[in-house]
Amino acid sequence: MKNLSILGSTGSIGVSTLELVATHPDKFRVTALTAGVNLELLARQIESFRPRLVSVLNEELARKLSRMLTGHKPEIMYGVPGLIAAATAVDCQMVVAAIVGAAGLVPTAAAIKAGKDVALANKETLVCAGAIIMDLVREHGVALYPVDSEHSAVFQSMEGHRSEDIEKIILTASGGPFLNWPAQKLAMVTIADALNHPNWSMGKKITIDSATMMNKGLEVIEARWLFDVPGEKIDVNIHPQSIIHSMVEYIDGCVIAQLGTPDMKAPIAYALSYPRRVSTGVKPLDLTLFSGLTFFKPDLEKFRCLQLAYDALTCGPSMPAVMNAANEVAVAAFLEGRIGFTAIPTVIEETMSAHGGVPLVTIEDVLRADRWGRTRAAEAIAALHS
Ligand code: NAD
Ligand code: MG
């Protein structure tokens, strides 16, 4: 029996994780759940999974939740202290880090410091603080299992192999909804167009990141830290069918890939049950139904965000955190209708150009770079309107 704390239980990854817990009550139990603002769903999750502790965004929501609960009554906390309490709960063995954005960094770091294994969906944690987090993982002797489907595929393709023998990691990308749009048309993209992902159903922020291909850029940086491979050895292949989830090429020319129906329950289950496998209900893959699997190189001029992420890896330790902060601010502004789709890379690029790059030693240094990036990106957005 493994006791889980699920940070971000009301999100897309959180809900899929709880579906797996419900399928395997003999293997997984819930110690703590945390959510932002979706109290209705959280209240239903509390009834079904009976956690000991829950946390929500703020005090007002905590009081409201307390009034809503009629059956099981867990301890209710809020804010960052609540997230940290859930991430470090003495009776949990594994933390599922499924908050979106840099908000996931502090609780994930706290979980590692408390000796918890982590199933990591929150890629922004490694983008902002990869070197620091991997040092903490080594120092505290915990396991960090990737939930991101590409990184789970790489992890599975590396079983029994040594990092030194890797020639190249090849991350696959669906290409998102605008793969076949001409570059000039991107200026006309609406919010609904960008939220219409062809292969995956996900939270709004990552869906926009997939449309700009910043998601793949964040994943390149995530892979750099998870697998200790430099950016030059991480390639991206567009693979519109999303059947091969990523590949590893070795120095002897052999390539190992992981395939499956695109469904996040498969990589989540592998992170939860490693090194065992458990049933997931994911539709079996029938390759005979595909007339062909295709692969090609991404257009880095059309999808500038992907190039910016490669650049960030070479521009000093704080640049990925600044890039990530600018991306979060720009995506939020796009989703609120304040900027157009093509302004997203513009805002990120302007923010990065204004940043010198500073050393990062502590999580507080990372949070400072994150705040700097947010402020500068907000100024870049204001300048677009002046
Ligand atoms: P989502 O928006 O559906 O859910 C996010 C969760 O985090 C929600 O429970 C929300 O309440 C909570 N949350 C958001 N902001 C918060 C804050 N400031 N404080 C506390 N809680 C907060 O997101 P998602 O699609 O489930 O993605 C979660 C993470 O997993 C992201 O980092 C994403 O990049 C990564 N990921 C997601 C998928 C996917 O298929 N959805 C795939 C790979 C990786
Ligand atoms: Mg992914």
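Quick one: check the C-alpha center-to-center distance for region 74-117 versus region 279-294, whole angstrom.
Their Cα centres are 35 Å away from one another.
Can you send over the solvent-accessible area of TRP372, 1.4 Å probe, protein chains only, in Å² to the nearest 10?
For TRP372, the solvent-accessible surface is approximately 100 Å².
Count charges around PRO298 for me, please; just the other residues with Cβ under 13 Å from its Cβ, Lys/Arg as +1, Asp/Glu as -1.
That works out to 0.
Provide the gained length on full extension for the span LYS113 to HIS385, in nm with one decimal, where the gain is 0.36 nm per separating residue minus the Cα-Cα distance.
Length gained between LYS113 and HIS385: 93.6 nm.
Need the C-alpha centroid separation for region 137-212 versus region 304-331, integer Å.
Going from one Cα centre to the other spans 15 Å.
Rounded to the nearest 5, what % of the DSSP beta bridges within the chain are antiparallel ones?
Rounded to the nearest five, the antiparallel share is 30 percent.
Over the chain, with a Gaussian network built from C-alpha contacts below 10 Å, which listed residue (ILE234, ILE191, ILE221) shows the highest mean-square fluctuation?
Sorting by GNM fluctuation, first place goes to ILE191.
Mean residue ellipticity at 222 nm from the helices of the chain, using -39,500 (n - 2.57) per DSSP H segment of n ≥ 4 over the full residue count, to the nearest 500 deg cm²/dmol?
Value at 222 nm, helices only, nearest 500: -14000 deg cm²/dmol.
Provide the gained length on full extension for the span TRP181 to ASP193, in nm with one decimal, where the gain is 0.36 nm per separating residue minus the Cα-Cα distance.
Separation in residues times 0.36 nm, less the Cα-Cα distance, equals 3.2 nm.
Quick check: from the Cα gyration tensor, does the chain come out rounded (a/c under 1.5), prolate or oblate?
rounded
What FRET efficiency comes out for ASP286 versus MET68 if R0 is 45 angstrom and r is the Cβ-Cβ distance? Round to the nearest 0.05.
0.55
Accessible surface of GLU124 in the full protein assembly, 1.4 angstrom probe, to the nearest 10 Å²?
Accessible surface of GLU124 is approximately 10 Å².
Rounded if a/c is under 1.5, else prolate if a/b is larger than b/c, else oblate: which is region 117-224, with a ≥ b ≥ c the root eigenvalues of its Cα gyration tensor?
Prolate, since a/c reaches 1.5 and a/b exceeds b/c.
Just tell me the longest site-free run in the chain, where the sites are trypsin sites (Lys or Arg not before Pro) in a DSSP loop having at most 11 other beta-carbon atoms within 10 Å.
The reported range is 1-161.
For GLU232, what is the net charge nearby, where nearby means another residue's Cβ is under 12 Å from its Cβ and Lys, Arg count +1, Asp, Glu -1?
Its environment carries a net charge of +1.
What FRET efficiency, computed as 1/(1 + (r/R0)^6) with R0 = 22 Å and r the Cβ-Cβ distance, is obtained for VAL358 and GLU232, rounded to the nearest 0.05?
So, using R0 = 22 Å, E works out to roughly 0.40.
Quickly rank 77-85, 91-99 as a protection proxy: mean count of other C-beta atoms within 10 Å, highest first.
Peptide ranking by packing, descending: 91-99, 77-85.
Place a +1 charge on the Cβ of each Lys and Arg in the chain and a -1 charge on the Cβ of each Asp and Glu, then give the dipole magnitude about the Cα centre in debye, rounded to the nearest 20.
Dipole magnitude for the chain comes out near 1120 debye.
With springs only between Cα atoms under 10 Å apart, run a GNM on the chain and tell me which of GLU40, GLU349, GLU328 wobbles the most.
In the Gaussian network model the winner is GLU40.
Placing +1 on the Cβ of each Lys and Arg and -1 on the Cβ of each Asp and Glu in the chain, which of LEU4, GLY260, VAL54 has its Cα farthest towards the positive end of the resulting dipole?
Farthest towards the positive end: VAL54.
Please tell me which of these pairs span more than 28 angstrom C-alpha to C-alpha: LYS2/LYS64; LYS64/LYS265; LYS27/LYS73; LYS64/LYS205?
With Cα atoms farther than 28 Å apart: LYS2/LYS64; LYS64/LYS265.
The values are calculated or read from the model by the stated rules, or taken from the named source; none is laboratory data. In this text, all values refer to a predicted model and were calculated from it rather than measured experimentally. Here Cβ is always computed from backbone atoms with ideal geometry, including for glycine, and neighbour counts include all displayed protein chains. All accessible areas refer to the heavy atoms of the entire protein, side chains included, with ligands and DNA or RNA removed. Shrake-Rupley method; radii C 1.70, N 1.55, O 1.52, S 1.80 Å.
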